[in-house]
Each structure stands twice: as structure tokens, then as C-alpha cells.
Ligand SMILES: Cc1cc2nc3c(=O)[nH]c(=O)nc-3n(C[C@H](O)[C@H](O)[C@H](O)COP(=O)(O)O)c2cc1C
Ligand code: SF4
């Protein structure tokens, strides 16, 4: 087995509820099949193989499980889109690209508990009728790829993969596919293109919904690593019991990855909706750094809209509308959406009052300008244009009009692109200007209008003059 570093002294926080991360950094644990079996591993696969495939999907529907990759789409509903009788093969892909900045949960599953994911995949493949599945692992995780490859070989040797799994008559092969090293490879249709050996240009939806026209134009399910692990626990408990964890419509547990200006950054698995933002930041993560106050939070990875910590929100729960402070917001998909952002991939990025928002925004813009696949004009040109403006903002050479241009470019990307990367790069800009307009304006000056707009443009101007 490949060598893995554990943080064995890191006990889970008492407010956590660990299902998926039960074995992560667990004392004496290792990613071998022997260890996994000694802990009851593959029991749920054996149980699922005795059920009708449709009954497995029904349990997942009952569980209310929502995808943990970003959009929070109900997993059972997605599986239900696979045509029940079709001539073509069905594929399943575990999305292990984990490319959203601020998100660092899937890598721990791949490194420390790969059999949990493989078991979840095998159950899911059985449910949707797939006999071939892939783990698409981001290029930057070479160790994870090696560990998962070893786990697949072990599972195959012991009859948990391959032909006639556990005497059930069900056949399944799983392969690791190393990613192509780009953020857009995490977008499901870009990922599929990449898996087919092409550039990861996302496909337009409709018509290319993977469940209908996915890998090699065959029905394909793409699920996040964490989502697939939850499937095992749904089968262990039964859909209804699983649905009792968390809150209605936001069931189960999820792993939050907290980074930035808190005393105890890290990963925390919580019951969805049972913990508030204040409890997470102040109790679990130890509050702000000494002498500092929380200023802003990006709650679901870098593409989620930024939130101010002093704001309050009107949140509808059932028929009731309640006024809540930022700290009172329960951490679930629907509440964070009502508060104007998204719970996304669970990457909670915290900024305190030492942070300049121009710097934060420029950092985000640099990332998106670099990662745009370039297929559509608003995203390709707009992301770079936005980066150039925030480059000027941090350099102190921007004008107030630049801020207006920045905002207008973002709104012209939003909703006008092939894939959701367009929103991913526009939302941070739109929300940052809406929330911190005065702070950003204070860093601009009318006097800067006389300056060349940026060195590249100045060089181009001179070249044209001289030509
Ligand atoms: C630009 C972009 C990047 C994405 N990156 C990832 C990723 O790294 N991992 C992931 O699971 N989903 C990612 N997604 C979401 C996937 O397209 C897809 O919705 C998800 O894998 C579905 O899994 P789920 O239903 O289990 O959440 C990304 C989406 C976009 C638009
Ligand atoms: S929105 Fe951006 S990343 Fe998505 S297809 Fe268009 S150019 Fe590529």
C-alpha cells in the first residue's frame, strides 16, 4: 500500500457527525481492503446485490440525498433520468477532480478510505445498470490515483469487482482516469470530453445532459466522490432513516472545508442544516484570529457569492419568514441560496477585517481568467478583462469608471455562456461590488484616468504608433 500521512491526534469535534469521514485520520486505520473488511466493509454492496436495482434507486430517492459536487441536485432523481431500457451501455463516473478553490474533502476519501468510494460506486452502478465505471482523478493528485488503483486491484482480486460479483451475476469494472490538469475538467461535460481523450470543452445543455448523451453519447451518471460514498450509508440505514439525519430537503451529513481567517481551519462533517454559520465559525473553528473580527465569508467554494458577516436576511422556513443574522443562518443548501449565495462544494472561505477586498477579488479573478477553457467569447474575453481591471485596482491605478466596467462585464458574462463557469467567474465580481462597493471605490481615483490603462495595452499602443 502507498504511504499516507495521518493526523492521528486530530479528534473529530464533538459537534461533528461522522459518516463519510469516520475513518479519516482514525487511529490505526489504513486504506487496505483488510482494514475495510474488518470494519464491516462491502456489507452494503452484498445487501444491495440482493435487492432489485430499481429498489436501490428508490432508497436513494427516499433518502433525499443531494449531490455534494456543487449544485446539490437530488441524486435519486438524476439516476431516474437513465432510460430504463436502452440499447446503449450505461456508464458511471466518480468526479474526483476536486478543483473548486477552497474545497479539500474528496482527496481525504481517496487517500484514506478508497474502498468506501468504490463500494458506493459499485452499489450505484448496480442501481443504474452500469458495468463500466471511471474514477476521474485530478492530475494534481498522483498519490490518490495510485492508492485508488491499488484498492481497485484488491477489490477485484477478492470478488468485489470484476465478473459475477459475490456470486450475484453482476459484472463491473472500474478504471482510474488521470485528469488533464484544468479546473474545467471538473465540470461534468468537460470531464466527459476529457475522458474521451479530447480537450475538456464543456458541451451545451440541452441537449447534452450526461444521463441522456454522456460518455461516447451513452447514458452516463456523473456523481461527486462524497455523494457516491453517501449511497453506501443510505443502503446501510435505509432511505427513510438516512432522511432523518439533517433537516427535511437537506438530509444527511456533509463535509465542510473551512479555510482562511479562523483559528482552527480544517474539515468538519456536520448534519446538514443542524449547525448555524455562527456555531461553525465560532464554536467549531475557534472564532476569529486574535484581535480580529470576521468580515466576509464565501460559503461554497470560490464561485459562490460573497456574504458580509454583519448582514441579516429574511429566510422562509415552511410558511414562516424569519429575520436572521448571518451567524444564525443554518448551513444547508436552501438557506444559503435564500441568503443570496450557495452552499456549493462545501468550501467555506473566511476573511477577517485585515483583508482588502480588492486583493481577494483579484486573486479570484486571476484564477478564473487562467482557467477559462476559451470556448465562448464572453467567458474567455470577459474573465481576462475582469482580471486586468482588478490588477489595476490592486496596483492603485484604477478609476471609478473601471469599477462600472467591471460590473458591466460580469453581468454580460452571467447567463450567456455554454457552461456554468460563466456564472462561477461572474458571481464573485457581481457580489463583491454589491457588498463592498464603497471599499473598492475608495481604492480608485479620477486622476488615474491620465495613466496608461495597463502595461500590456501601453506596449500595444506604442507598437502601433511606431509601426
Ligand atoms: C466549472 C465547474 C467545475 C466543477 N468542478 C467540479 C469538481 O471538481 N468536482 C465535482 O464533483 N463537481 C464539479 N462540478 C459539478 C459537476 O459538473 C457535476 O455537477 C457534479 O460532479 C455532479 O455530482 P453530484 O450530483 O454528486 O454533485 C463543477 C461544475 C462546474 C460548472
Ligand atoms: S463558460 Fe467558459 S469555461 Fe465554460 S465553455 Fe464557455 S469559455 Fe469554456
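General observations
- Rounded to 0.05, the FRET efficiency of the residue 164 and residue 47 pair, given R0 = 25 Å and the Cβ-Cβ distance, is 0.90.
- Evaluated over region 249-352, the Cα radius of gyration and Dmax, each in Å: 12.6, 41
- The angle separating the long axis of helix 114-128 from the principal Cα axis of greatest extent in the chain is about 80 degrees.
- Taking the centroid of alpha carbons for each part, region 163-202 and region 307-323 are 40 Å apart.
- Between residue 464 and residue 264, the contour length at 0.36 nm per residue exceeds the alpha carbon distance by 66.6 nm.
- Share of alpha-carbon pairs per 10 Å distance bin for region 259-302, given as whole %: 25, 60, 14, 0
- Region 189-251, relative contact order in percent, only Cα pairs under 8 angstrom and at least six apart counted: 17
- Whole-number percent relative contact order across region 1-139, with pairs defined as alpha carbons under 8 Å at least 6 apart: 31
- Sequence ranges 61-68, 287-294, ranked by mean other-Cβ count within 10 angstrom, highest first: 61-68, 287-294
- Based on DSSP H segments of at least four residues, each scored -39500 (n - 2.57), the chain has a per-residue ellipticity at 222 nm of -12000 deg cm²/dmol.
- In this structure, residue 308 and residue 73 have a Cβ-Cβ separation that, at R0 = 22 Å, corresponds to a calculated FRET efficiency of about 0.20.
- Restricting the calculation to Cα atoms, region 33-244 shows an Rg/Rh of 0.93 when the hydrodynamic-style radius is the Kirkwood one.
- In this label model, residue 171 and residue 240 are separated by 3.8 nm, measuring between points 7 Å along each Cα→Cβ vector.
- 0 to 90° range, to nearest 10: angle between helix 225-237 axis and the chain longest Cα axis: 40
- Peptides 419-431, 224-236, ordered by how many other C-beta atoms sit within 10 Å of their residues on average, highest first, read 224-236, 419-431.
- Difference of contour (0.36 nm per residue) and Cα-Cα distance, residue 283 to residue 405: 39.8 nm
- Expressed per residue, the C-alpha convex hull volume of region 357-450 stands at 77 Å³.
- Of the peptides 394-405, 113-124, the order by per-residue mean of other Cβ atoms within 10 Å, starting with the highest, comes out as 113-124, 394-405.
- Here each label is just a point 7 Å from Cα along the line to Cβ, and for residue 196 and residue 355 those points are 3.9 nm apart.
- The fewest-to-most ranking of 283, 450, 106 by surrounding Cβ atoms within 10 Å reads 450, 283, 106.
- Against the chain, whose longest principal axis is taken from its Cα atoms, helix 377-395 shows a tilt of about 60°.
- For the pair residue 437 and residue 317, a Förster radius of 25 Å applied to the C-beta separation gives a FRET efficiency near 0.25, rounded to the nearest 0.05.
- Of all DSSP-defined beta bridges confined to the chain, some 50% are antiparallel rather than parallel.
- Overall form of the chain per C-alpha gyration tensor (a/c, 1.5; a/b vs b/c): prolate
Only the coordinates and a few stated rules stand behind these numbers; no lab work does. As the structure is a prediction and not an experimental result, all values here were calculated from the model. Backbone-built Cβ (ideal geometry, glycine too); neighbour counts: all protein chains shown.
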